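The next block holds one structure in the form of structure tokens; read it before the comments.
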Amino acid sequence: MDNMFKIKKRTDKPKATVLYNVIEDYSEFDAPGNVTACAMTLPEDLPAHAKVLSESYDVPLDAMTRLLTEGGTHVYPQEHGILTRGLFACLLGQGDAIPKQTFVLDVMQFAEAEQVAHARSLSLLQAARDVFYRTLPDDLKEKLVQKNLGLDYRMLDRAVAKGGDIKYLDFRKDWSPHFKRLCIMPDGRLVETGGIEEFARLHGITVGQAKLLVEQGGTLEVGGEVLACQIVNGQPAVARFSAKNYLKAKELAASKNLHLMDALSEVAYADPAMMRGLVRKEVTGGRP
């Protein structure tokens, strides 16, 4: 036959959910304003957006869908009579904010928002917005009053720019299955993982060990090598060191009377492969 047509093979692999195509990292800023601004120029996939945020922030899916549709706040319930978490908020793009925005207040911010709401006769949502905005870095505050965060669309990737205006903006701090974090490996590779379970699988440790490491920081020996995690403004920064570099760090710590984490940092900066990883991490901001 002269006319031959290639038939595409059907793939059962589902397409990965894309929630953001503009990401700006402010996680080095002082807490509680240490956020990552995650924005999307393409139309919102509401079911996917709601599902991911529901899982990330432990808000029931129906409640999250309603929040993303109608705006408002979700106050976390007390645990054993004690309030351990604050609230999740969604500002709609008509009036409350431009574009639509979501963020979380911690317990202290939530208490302040309640006081502001009472003192100034505001809704809890308005007070939450005021309290949250006040903590943000100045350069991010300036961008929030500009259209599309002041982005120069001529400099953006065409696939991002063709979406038009930013449709929504999520201020995130979490380390969830849907939001990748980077780990520097002994050979300088940057490996991204999404969530505690994936991180644990990568390094061959238990979920409990992984959770403790990324929440509290410190070191964890793994088959002669070592994982080191520093918590910077509430954000985990993770690197894995080879057995050789781990030994160097222990010797350095002993000879110079250094904390092991400081010794590991010195070893990392002296290792060309790890330095390449550190430089790439600085360039990408540790972002997905």
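Just a few scattered comments:
- Whenever a residue of the range 138-155 is within 16 Å of Tyr26 (Cβ to Cβ), its partners that are part of a loop (DSSP other than H, G, I, E, B), lying with C-beta atoms within less than 7 angstrom and at least six residues away or across chains, give the pairs Leu140/Tyr26; Leu149/Ile166.
- Flag for Leu68 being assigned by TED's automatic domain parsing to the domain that holds Ala89 and at pLDDT below 95: no
- Within the range 249-275, tally of residues that are closer than 22 Å to Pro236 by Cβ and among the small types (Gly, Ala, Ser): 6
- Close pairs (6 angstrom Cβ cut-off, 6 or more residues apart or separate chains): crowded, with 17+ Cβ neighbours inside 10 Å in the range 42-57, of a type in the set (S, T, N, Q) anywhere: Ala50/Thr65; Ser56/Ser176
- Scanning the range 224-244 for residues that are loosely packed, with under 13 Cβ neighbours inside 10 Å and of a type in the set (Phe, Trp, Tyr) yields nothing.
- Filtering Val238, Val214, Val226 for residues that are in a strand (DSSP E or B), closer than 24 Å to Arg276 by Cβ, under 16 Å from the mean Cα position of the chain (by Cα) and assigned by TED's automatic domain parsing to the domain that holds Ala268 leaves a single hit, Val238.
- Candidates Glu197, Glu221, filtered to the one that is acidic (Asp, Glu), farther than 25 Å from Cys90 by Cα, without any contact (Cβ under 8 Å) to a residue 40 or more places away in the chain and surrounded by fewer than 13 Cβ atoms within 10 Å (Cβ to Cβ): Glu221
- Taking the range 28-45 as the range and being out of contact with any Asp or Glu (no Cβ under 6 Å at 6 or more places or on another chain) and either outside the structural domain of Thr102 (by TED's automatic domain parsing) or not in a loop (DSSP other than H, G, I, E, B) (or both) as the test, the residues that pass are Ala39, Met40.
- Looking at Asp152, Asp187, just one residue is of a type in the set (D, E, K, R) and either under 16 Å from the mean Cα position of the chain (by Cα) or not assigned by TED's automatic domain parsing to the domain that holds Arg276 (or both), and that residue is Asp152.
- Flag if Lys147 is in the same structural domain as Tyr57 (by TED's automatic domain parsing), basic (Lys, Arg), touching a helix residue (DSSP H, G or I) at 6+ places or on another chain (Cβ under 7 Å) and farther than 12 Å from Val22 by Cα: no
The values are calculated or read from the model by the stated rules, or taken from the named source; none is laboratory data. Nothing here was measured: the structure is a model prediction, and the numbers come from that model. Glycine also receives a Cβ, built like all others from the backbone with ideal geometry; neighbour counts cover every protein chain displayed.
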